[in-house]
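Structure first, commentary second.
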Amino acid sequence: MCDMDIVGNDSQTVSNEKTSPNTTASEKNAASRSLILYTAVALGLALFIRFFIAAPYIVSGASMEPTFDNLHYLIIDRVSYELREPARGDVIVFDLPTELGRSLIKRVIGLPGEIVIMSGNTIMIQNAEHPEGFTLDEPYLDPANLGGENNMRVTLAQGEYFVLGDNRHVSSDSRIWGSLPRETIVGRVLLRLYPLNMVSALPGEARYQEE
C-alpha cells in the first residue's frame, strides 16, 4: 500500500509542475531519439532473426503432398545445421543448384558417402554401417503419388545429399538434377503455422529403422 501511495503522489506532483518551453522541447527531442533508437534495434533484431536464425516460407506446388500442401506457411530453422549435419528424414529448404534465386522443399533420403539405389518404388541405402544395404520404410508416402523416374543408382560424394519430394509422381528432385550440395541448404522445417488446424513443430520429419 505504501508503494502505491508514493507512485500516486509522484504522478500527481509531476503532472502539476510547470515546465519551460526549452525543457519541453528537450524532452521531446530525447523521446524522438529514443524512439528512433528502439526502432533501429527492433529492425536490426528482426533482420538478424530473418537472415540468420529463422525465416518464413510459403509452400508453392504439390511436390511434398501429402506432407505439405500448397500455401502451407512454414518457419525454417537456419541455425541447426550450423551445429550438426542434415539427417535422413529431415525436411529441408534449399536453393536450387541449377536455378539461382529459386528455393525448393524436399526430404533428405541419402547422406554423404552413401549409395542410393531406387528400384520401382523401393529405395535401398548402402553405407559403411550397412554394406549390404537396407530398405527405407516410408509411411508418409501416399501410394497414389508414387511414380516418376525410379530406377537408378547414385553414389554420393562428401558434402552431397540425395533429396526427394514426397509426391514422387510430380516432384523435381535429385532424380532429375542430381545430388544436392551441402552449401545450398538453407535450413530445416521447424514449424508449420498455417493452416491453423495443422500447426505443429518439426512437421513431416521422419526417422527410419535401419536394418
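The values are calculated or read from the model by the stated rules, or taken from the named source; none is laboratory data. No experiment lies behind these values; they were computed from the predicted model shown. Note that we place each Cβ from the backbone using ideal geometry, even for glycine, and neighbour counts take in every protein chain shown.
A few points about this structure:
- When residues of region 123-163 are limited to those that are more than 18 Å from residue 178 (Cα to Cα) and of a type in the set (S, T, N, Q), the one surrounded by the fewest Cβ atoms within 10 Å (Cβ to Cβ): 135
- The single condition among (1) over 14 Å from residue 88 (Cα atoms); (2) touching a Ser or Thr at 6+ places or on another chain (Cβ under 8 Å); (3) in contact (Cβ under 8 Å) with a residue 24 or more places away in the chain that residue 122 does not satisfy is (3).
- Among residues of region 90-113, those that are acidic (Asp, Glu) and touching a residue at least 60 places away in the same chain (Cβ under 8 Å), counted: 2
- The criterion of at least 3 residues that are under 24 Å from the mean Cα position of the chain (by Cα) is met by the following strands (runs of 3 or more DSSP E) wholly inside region 128-196: 160-164, 185-194.
- Filtered residues of region 67-112 (kept if assigned to a loop (DSSP other than H, G, I, E, B), acidic (Asp, Glu) and over 19 Å from residue 181 (Cβ atoms)): 69
- Filtering 100, 96 for residues that are at pLDDT below 75, closer than 25 Å to residue 170 by Cα and among the aliphatic types (A, V, I, L, M) leaves a single hit, 100.
Residue-wise test of (1) of a type in the set (Lys, Arg); (2) modelled with pLDDT of 95 or more; (3) out of contact with any strand residue (DSSP E or B) (no Cβ under 6 Å at 6 or more places or on another chain); (4) farther than 23 Å from residue 77 by Cβ.
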position	(1), (2), (3), (4)
121	no, no, yes, yes
145	no, no, yes, yes
154	no, yes, no, yes
163	no, yes, no, no
176	no, no, yes, yes
203	no, no, no, no
208	no, no, yes, no
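- If the condition is being surrounded by 17 or more Cβ atoms within 10 Å (Cβ to Cβ) and either of a type outside the set (Phe, Trp, Tyr) or over 14 Å from the mean Cα position of the chain (by Cα) (or both), then region 80-94 contributes 86, 88, 90, 91, 92, 93.
- Hits in region 197-211 (condition: within 14 Å of the chain's Cα centre (by Cα) and part of a loop (DSSP other than H, G, I, E, B)): 202, 203, 204, 205
- Residue in region 163-178 that is over 12 Å from residue 116 (Cβ atoms), touching a Pro at 6+ places or on another chain (Cβ under 9 Å), in contact (Cβ under 8 Å) with a residue 60 or more places away in the chain and among the polar types (S, T, N, Q) present: yes
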